[in-house]
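Okay, so here's the structure we're looking at.
The values are calculated or read from the model by the stated rules, or taken from the named source; none is laboratory data. Values in this document were obtained by computation on a predicted structure and should not be read as measured data. Because the Cβ atoms are built from the backbone with ideal geometry, glycine has one as well, and the counts that use them run over all protein chains shown. Calculation scope for accessible area: heavy atoms of the full protein, side chains included, ligands and nucleic acids excluded. Shrake-Rupley method; radii C 1.70, N 1.55, O 1.52, S 1.80 Å.
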Amino acid sequence: MDWALVSWIFQALLGLLLVFAVAYSILEILDFQKDHINAIELSDHLAAVYKYEYYGHLLQTVFFFGTLTWIGAILHFPLAAYQLQKLIKQDHAFMRNYFGSGIFEKSLPTQQKKAYAKFAAYFVIFIYSLYNLIITLVNSLGRRKYSA
């Protein structure tokens with residue numbers, strides 16, 4: 001099996017997981033706005049998701065740099081640098097000590113806009129990975145067909 005194909009499969013699956021993680025975050029925020037969950041539950045749910053989302057995105061960025069895929073690395077770098085800064089500062093978006101209800105209500109629209117922006121960025125990166133996976137698959141099948 002071609003290693004480029006394996007790497008693009010990994011990239012596409014990781015990109016899909018990141019899209020799902022941000023979609024889950026958006027749905028949790030919407031549930032909170034409709035009063036289906038309280039602030040403590042929102043904090044607990046999102047703190048667990050954000051940490052793994054950050055690590056997954058940083059892993060994907062390192063993988064793009066490691067495979068010398070410069071377009072993917074350039075697409076990833078700004079968001080990865082922002083998330084690395086948040087990880088270093090231990091400034092995850094929804095932490096338990098953050099909740100005075102008034103403070104939380106003021107910051108919720110900002111957090112929601114950030115989640116929508118991350119969703120758009122992850123979706124573009126996922127489409128890029130899926131496109132390259134298909135191109136690599138077609139090229140590897142084409143080489144096998146004509147080389148035999």
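Points to keep in mind about this one:
- Rounded percent of accessible protein surface that carbon and sulfur make up, the stretch 3-146, 1.4 Å probe: 70 percent
- Net dipole in debye of the stretch 3-146 [+1 Lys, Arg Cβ; -1 Asp, Glu Cβ; about Cα centre; nearest 20]: 600 debye
- The value of relative contact order for the stretch 31-87, using C-alpha pairs under 8 Å at least six residues apart, is 28 percent.
- With the whole protein complex present, T61 retains an accessible surface near 10 Å², based on a 1.4 Å probe.
- The equivalent ellipsoid that matches the C-alpha gyration tensor of the stretch 3-146 spans semi-axes of 35, 15, 11 angstrom, in descending order.
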